[in-house]
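Notes to accompany the following structure.
The values are calculated or read from the model by the stated rules, or taken from the named source; none is laboratory data. Given the structure is predicted, the values throughout are model-derived calculations rather than measurements. Note that we place each Cβ from the backbone using ideal geometry, even for glycine, and neighbour counts take in every protein chain shown. The area values use the complete protein model at the heavy-atom level, side chains included, leaving out ligands, DNA and RNA. Shrake-Rupley method; radii C 1.70, N 1.55, O 1.52, S 1.80 Å.
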Amino acid sequence: MVKVTVLGAAGGIGQPLSLLLKLNPKVDELSLFDVVNVPGVGADLSHISTDAKTDSFLPSSKEDKTALGNALKGSNLVVIPAGVPRKPGMTRDDLFNINASIVRDLSQGIAENAPDALVLVISNPVNSTVPIVAETLKKNGVFNPKKLFGVTTLDIVRANTFLAELFPSEAKPTDFNVRVVGGHSGETIVPLYSVGESKKLYEKLSAEKKKELIHRVQFGGDEVVQAKNGAGSATLSMAYAGYKLAEAIITAQSSSSVVECTFLNLDSSIKGAAEAKKLVKDLDYFSFPVKIGPNGIEEIKYDILNEATEEKQLLDVAIDQLTKNIEKGVAFIKK
Ligand code: NAD
Ligand code: LMR
């Protein structure tokens, strides 16, 4: 029995992501929660003739916690795309003041109603919202670091697409699965093109072209924000990326483990965390490839950082910036 709950299901990401989840034959129940418009989204999706039973939950007032509780009860997987998106000229960190409280309140609901669920955090700024979820769950005594995933998959999707675009007659985006480590904002995003399937083509690029490509991945979100011109940020590509990680986790519930990158808490209870922490100057959170099984993250594949000697400088910059982003999230809950 797989029950997936989407918090922020009526939004730009929430709607297409819920549609993709509704199409997954392994999802038995799809639970949709939002503070606006969610009954319509739920009714619409419920007409699709797939097996996932769809229900929607709208709070009757700001004080109503029952709707969130009912949406969450019995969930195996909770995906959070709730919160405001950027407008041109804003950084992801500019969203902190609004989104931090939204994510804190939703995490409190998870702690009270679905403490064993796997949780995927999409809401920005991911580098700070993931620590906010972790600290809230800790405060409630229900934090399991193996079950918390910061969604950085869109950076991987972009890294694959943008490299293939440079070699139209030689490659397709599906030829690669570029490992992207670090965080999810500007220079904290580090695509490791010099290792794995991407290496052969990447080495054909001049130093200048490599720099341009990395910059495009790090600031890919800005391209969409500017093109949407005030109407928000990436939604369709994000729904695809968020679904990709959710699907991998759903698949890992019933079959062999899969490896995906995610922004995670480097807690010592996870295999490979001690080694991973050493490589990132003792940071508490970082995006690494991880092995995923039925109960969440089984192992951190940290060795990739030893192989990526070409990206050493980029990693140093990412680690510096991440320190502040993580501290900001932790401090928000601790204060
Ligand atoms: P949106 O405004 O279209 O949708 C957000 C939804 O969240 C709305 O339906 C809103 O009603 C809902 N919401 C607000 N407060 C809520 C609450 N307390 N409980 C439940 N729902 C609530 O925005 P969007 O384009 O879907 O983006 C959502 C978030 O995802 C933004 O923070 C954006 O920056 C982030 N994002 C992250 C990535 C990533 O790679 N991790 C990529 C794209 C966007
Ligand atoms: C993205 O990478 O597209 C998202 O984080 C949204 C944004 O603000 O750019």
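List of remarks:
- Filter result for Asn113 (within 16 Å of ligand 2 (Cβ to nearest atom) and either under 22 Å from the mean Cα position of the chain (by Cα) or farther than 20 Å from Ser185 by Cα (or both)): no
- Number of the exception - Gly230 against (1) within 15 Å of ligand 2 (Cβ to nearest atom); (2) part of a helix (DSSP H, G or I): (2)
- Residues within the stretch 223-252 that are more than 15 Å from ligand 1 (Cβ to nearest atom) and either surrounded by 17 or more Cβ atoms within 10 Å (Cβ to Cβ) or free of Cβ contacts under 8 Å to residues at least 24 places away in the same chain (or both), tallied: 5
- Test: residue in the stretch 92-107 that is among the basic types (Lys, Arg), within 16 Å of ligand 2 (Cβ to nearest atom) and either more than 26 Å from Ala231 (Cβ to Cβ) or touching a residue at least 24 places away in the same chain (Cβ under 8 Å) (or both): yes
- For Val330, the requirement of being modelled with pLDDT of 95 or more and not in a strand (DSSP E or B) is met.
- Here Gly69, Gly40, Gly8 are screened, and the one residue that is among the small types (Gly, Ala, Ser) and open to solvent by 30 Å² or more (accessible area, probe 1.4 Å) is Gly40.
- Verdict on Ser60 being under 19 Å from Tyr243 (Cα atoms) and open to solvent by 40 Å² or more (accessible area, probe 1.4 Å): no
- Residues in the stretch 187-204 that are modelled with pLDDT of 95 or more, in contact with a helix residue (DSSP H, G or I) (Cβ under 7 Å, 6 or more places away or on another chain) and open to solvent by 10 Å² or more (accessible area, probe 1.4 Å): Glu187, Ser194, Val195, Leu201.
- Taking the stretch 139-174 as the range and being out of contact with any helix residue (DSSP H, G or I) (no Cβ under 6 Å at 6 or more places or on another chain), touching a residue at least 40 places away in the same chain (Cβ under 8 Å) and open to solvent by 20 Å² or more (accessible area, probe 1.4 Å) as the test, the residues that pass are Lys139, Asn144, Lys146, Lys147, Leu166.
- Of the set (1) buried (at least 20 other Cβ atoms within 10 Å of the Cβ); (2) under 20 Å from the mean Cα position of the chain (by Cα), all apply to Asn177 but (1).
- Residue that is most open to solvent (accessible area, probe 1.4 Å), among those in the stretch 205-222 that are of a type outside the set (A, V, I, L, M) and away from ligand 2 (no atom under 16 Å from the Cβ): Lys211
- Residues that are near ligand 1 (Cβ under 8 Å from one of its atoms) and surrounded by fewer than 24 Cβ atoms within 10 Å (Cβ to Cβ), drawn from the stretch 102-125: Ile102, Asp105
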